[in-house]
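Written out below as structure tokens is the structure these notes cover.
The values are calculated or read from the model by the stated rules, or taken from the named source; none is laboratory data. Please read all numbers here as calculations on a predicted model, not as lab measurements. Positions of Cβ are generated from backbone atoms using ideal geometry, with glycine treated the same way; all protein chains shown enter the neighbour counts. Quick note on the areas: whole protein, heavy atoms, side chains included, nothing else; ligands and nucleic acids left out. Shrake-Rupley method; radii C 1.70, N 1.55, O 1.52, S 1.80 Å.
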Amino acid sequence: MSADHNANNLSHSDEATGFNGLPAHVWPLNARRQEDGVVTVAGVPLGEIAEEYGTPVMVVDEADFRSRCRDMAAAFGGGDRVHYASKAFLTTAIVRWVDEEGLCLDVASLGELTVALAAGFPPSRIAAHGNNKSSDFLRACVKNGVGIVVIDASQELELLDLIAANENCTQNVLVRVKPGIEAHTHEFIATSHEDQKFGFSLASGSAFDAACAAVRAENLRLVGLHCHVGSQVFDAEGFSLAAERVLGLVDQLFDALGEEISRDFSVLDLGGGYGIAYVEEQKGLDVAAVAADLIGRVNRHSKELGLPELIVKVEPGRAIAGPSTVTVYEVGVIKDVHVASDRVRRYLAVDGGMSDNIRPSLYQAEYDARVVNRFVDGEEVDSRIVGSHCEAGDILVSDATYPNDIATGDYIALAGTGAYCYPMSSRYNMFTRPAVVSVKGGNTTLMVRRETIDDILALEVM
């Protein structure tokens, strides 16, 4: 699709208010509502995309995604210090964007590594994660020259050392530390407290032992430490406290190992997890301010401890991919449900749901949803946006008020769906995964075609 959309645009939310507004801090950079009520992204009407590619359809603002890559690189001192967390959203096109913007990449499975390599991403700029890396995954990392493997268990350390020996090479590694920070986020995405599966405990001493073992392994080179406090975190102090605690471990290691560690040790990887705004009332974390604070604190504490200046690296995923994307659905059945003797809730069913966005069911995640094919101006009524799956918990927006003139056939888009929606999608009820389309300068490009029933049947052994 290529179009020249020259109609006057409204800004995100200045002229169009209420339900017709598009909060600028939630919607993609190039989202606009036109004077006729139609919402465009990068100049392309979302309704036109829905009609051409079907619904649900995910629409990625390429310029928005790229600009967030550049912002991260600027905040942390260069793209070589930023690993895009591919688990948030990975396609070959996204891999190429990340490469072209000069960022590094992290992968958390053999599959993600394979996609990255297929897209031509330089393996020396890849970091490999995972709490249960298979021998095939580790062997692929070593054979392809992956820059860093993040060690998550003693068993893994021993296996990787053996694989590197068999390949007659030395593999750079980080040791993942859990610093005991209770991040203020959902329990399923908090990753630095003690009772969870990732990393080595700082408090118990297992992180110290693992780092010493990595230094002394014949075919491993310990180049730094890694930690990650969690995902969708808004309390910036948690990142700083984690950095200070891990720096204490660095000090211990330098005291204990001296020249054994000082030759190669240079990296403090502080993970990602920067919170973004999903609804109008939220405010995303100021990453530039967080970066300045983190780098400043690391430098000061390193100097106080007599340590060499360390390179601070980070791994944002959601903060880059999340705001760049919207998912467009078509409204189907509309039903008024009596929830109390004097209260009615309107249920707006759309043609997707938990198979393309499990986050509301899994994390009670919230989203900003707007009709995008026209203005709506009816009386606001208690409403819920639900999917089409055979589950009572298939809810995309649980508790909201929407105009009562929303009708069957309207297109509703949820903003902020770029992170963890497509990667966590499923075939529940034999729904097929949506198409993914990028938009830029009035043009659309199909990134991932819609999955079909024939794709599913092709896996069956008849």
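What residue, of Arg374, Arg370, is touching a residue at least 40 places away in the same chain (Cβ under 8 Å), closer than 15 Å to Ile406 by Cβ and assigned to a strand (DSSP E or B)? That would be Arg370, the only listed residue that is touching a residue at least 40 places away in the same chain (Cβ under 8 Å), closer than 15 Å to Ile406 by Cβ and assigned to a strand (DSSP E or B).
The rows are residues; the columns are (1) at pLDDT below 90; (2) of a type in the set (Lys, Arg); (3) surrounded by fewer than 23 Cβ atoms within 10 Å (Cβ to Cβ); (4) not assigned by the TED database to the domain that holds Asn132.
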site: Leu202; (1), (2), (3), (4): no, no, no, no
site: Cys212; (1), (2), (3), (4): no, no, yes, no
site: Arg221; (1), (2), (3), (4): no, yes, yes, no
site: His226; (1), (2), (3), (4): no, no, no, no
site: Val229; (1), (2), (3), (4): yes, no, no, no
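Being buried (at least 23 other Cβ atoms within 10 Å of the Cβ), in contact with a Gly (Cβ under 7 Å, 6 or more places away or on another chain) and of a type outside the set (Ser, Thr, Tyr) is a condition met by no residue of region 296-312. Being without any contact (Cβ under 8 Å) to a residue 60 or more places away in the chain and not polar (S, T, N, Q), is that true of even one residue in region 88-95? Looking for residues that are without any contact (Cβ under 8 Å) to a residue 60 or more places away in the chain and not polar (S, T, N, Q), one finds at least one in region 88-95, hence yes. Confirm whether Val82 is buried (at least 20 other Cβ atoms within 10 Å of the Cβ), in contact with a Phe, Trp or Tyr (Cβ under 6 Å, 6 or more places away or on another chain) and modelled with pLDDT of 95 or more. So Val82 fits the description; yes. Annotation: Ser341 fulfils all but one of (1) of a type in the set (Ser, Thr, Tyr); (2) open to solvent by 40 Å² or more (accessible area, probe 1.4 Å); (3) touching an Asp or Glu at 6+ places or on another chain (Cβ under 8 Å); the unmet one is (3).
Scan region 328-380 for residues that are among the charged types (D, E, K, R), under 27 Å from the mean Cα position of the chain (by Cα) and over 29 Å from Asp36 (Cα atoms) and report the count. Walk me through it before giving the result.
Step one: of region 328-380, the residues among the charged types (D, E, K, R) are 330, 335-336, 342-343, 345-346, 351, 356, 359, 366, 368, 370, 374, 377, 379-380.
Next cut, under 27 Å from the mean Cα position of the chain (by Cα) only: 330, 351, 356, 359, 366, 368, 370.
With the extra rule that they be over 29 Å from Asp36 (Cα atoms), the set shrinks to 356, 359.
Count: 2.
For Glu315, the criteria (1) in contact with a Phe, Trp or Tyr (Cβ under 7 Å, 6 or more places away or on another chain); (2) open to solvent by less than 40 Å² (accessible area, probe 1.4 Å); (3) of a type in the set (Asp, Glu) hold in every case but one, which is (1). Kindly evaluate Asp399 against the criterion of being charged (D, E, K, R) and either without any contact (Cβ under 8 Å) to a residue 12 or more places away in the chain or open to solvent by less than 10 Å² (accessible area, probe 1.4 Å) (or both). Considered against the rule, which asks whether it is charged (D, E, K, R) and either without any contact (Cβ under 8 Å) to a residue 12 or more places away in the chain or open to solvent by less than 10 Å² (accessible area, probe 1.4 Å) (or both), Asp399 comes out as no. Of the residues in region 319-328, none is in contact (Cβ under 8 Å) with a residue 12 or more places away in the chain, over 28 Å from Leu220 (Cβ atoms) and open to solvent by 20 Å² or more (accessible area, probe 1.4 Å). Does Ala31 satisfy the criteria of being in contact with a His (Cβ under 8 Å, 6 or more places away or on another chain) and crowded, with 24+ Cβ neighbours inside 10 Å? Yes; evaluated as a whole, the condition is true for this residue.
Got a sec? Which of Gly18, Gly43 is open to solvent by 10 Å² or more (accessible area, probe 1.4 Å), modelled with pLDDT under 95 and farther than 13 Å from Thr327 by Cβ? Within the list Gly18, Gly43, the selection yields Gly18. Residues of region 262-285 being surrounded by fewer than 18 Cβ atoms within 10 Å (Cβ to Cβ) and closer than 30 Å to Gly306 by Cβ, which ones? Residues satisfying the conditions are Ser262, Arg263, Asp264, Ser266. Restricting Gly120, Gly111, Gly102 to residues that are without any contact (Cβ under 8 Å) to a residue 12 or more places away in the chain and in the same structural domain as Leu160 (by the TED database) narrows the list to Gly111.
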